[in-house]
1. When you go through (1) in contact (Cβ under 8 Å) with a residue 40 or more places away in the chain; (2) surrounded by fewer than 20 Cβ atoms within 10 Å (Cβ to Cβ) one by one for Ala38, which number turns out not to apply?
2. Tell me which residues, restricted to the stretch 44-59, are within 18 Å of Leu106 (Cβ to Cβ) and either in contact with a Leu (Cβ under 9 Å, 6 or more places away or on another chain) or not in a loop (DSSP other than H, G, I, E, B) (or both).
3. If you scan the stretch 38-55, which residues turn out to be of a type outside the set (A, V, I, L, M) and more than 14 Å from Ala25 (Cβ to Cβ)?
4. Would you point out the residue of the stretch 64-91, among those that are assigned to a loop (DSSP other than H, G, I, E, B) and among the hydrophobic types (A, V, I, L, M, F, W, C), that is surrounded by the most Cβ atoms within 10 Å (Cβ to Cβ)?
5. Answer yes or no: is there a residue in the stretch 64-72 that is in contact (Cβ under 8 Å) with a residue 40 or more places away in the chain and in contact with a Phe, Trp or Tyr (Cβ under 8 Å, 6 or more places away or on another chain).
6. Here is a list of conditions, (1) within 20 Å of Val90 (Cβ to Cβ); (2) within 11 Å of the chain's Cα centre (by Cα); (3) of a type outside the set (Lys, Arg), and Tyr12 meets all of them except one; can you say which number that is?
7. Among the numbered conditions (1) charged (D, E, K, R); (2) under 16 Å from Met98 (Cβ atoms); (3) without any contact (Cβ under 8 Å) to a residue 40 or more places away in the chain, tell me where Glu13 comes up short.
8. Are any of the residues in the stretch 25-43 part of a strand (DSSP E or B) and either within 22 Å of Arg100 (Cβ to Cβ) or at pLDDT below 95 (or both)?
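The values are calculated or read from the model by the stated rules, or taken from the named source; none is laboratory data. This structure is a prediction, so every number in the text was calculated from the model and none was measured. Every residue, glycine among them, receives a Cβ derived from its backbone with ideal geometry; neighbour counts consider all protein chains shown.
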Amino acid sequence: MGARQSFFETVYEIVRRIPKGQVAAYGQIACAAGNPRAPRAVGYALHVNPYPGDVPCHRVVNKAGRLAPEFAFGGQDAQRAMLMSEGVFVSEDGYVDMERYACREL
């Protein structure tokens, strides 16, 4: 397994641990995966996620709580709907309150 594939698999395992009703930031996941300088790589790993029903990528937002503008599995409206169905409020302009909904333990 190559280094990139290994990193991606680590990212998927971390994202699987984000509970319903909570979100995590790309940078938070990068840190938990042992590479704090790789939030963009986390984003790419989620964009090419081969396990869409198993890895809840919709629970990952940027550090300010903004939804992904190019959410890979149906666009920002789909990400909003998925989060709202789990009890995460998303503002009209596409932000989640990180103080309220951020996962504290990864």
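1. Single failed check for Ala38: (1).
2. Result: Ala45, Leu46, Val55, Cys57, His58, Arg59.
3. Tyr44, His47, Asn49, Pro50, Tyr51, Pro52, Gly53, Asp54
4. The qualifying residue surrounded by the most Cβ atoms within 10 Å (Cβ to Cβ) is Leu67.
5. Looking through the stretch 64-72, at least one residue is in contact (Cβ under 8 Å) with a residue 40 or more places away in the chain and in contact with a Phe, Trp or Tyr (Cβ under 8 Å, 6 or more places away or on another chain).
6. Only one criterion in (1) within 20 Å of Val90 (Cβ to Cβ); (2) within 11 Å of the chain's Cα centre (by Cα); (3) of a type outside the set (Lys, Arg) is unmet by Tyr12, namely (1).
7. (2)
8. Among the residues of the stretch 25-43, at least one is part of a strand (DSSP E or B) and either within 22 Å of Arg100 (Cβ to Cβ) or at pLDDT below 95 (or both), which makes the answer yes.
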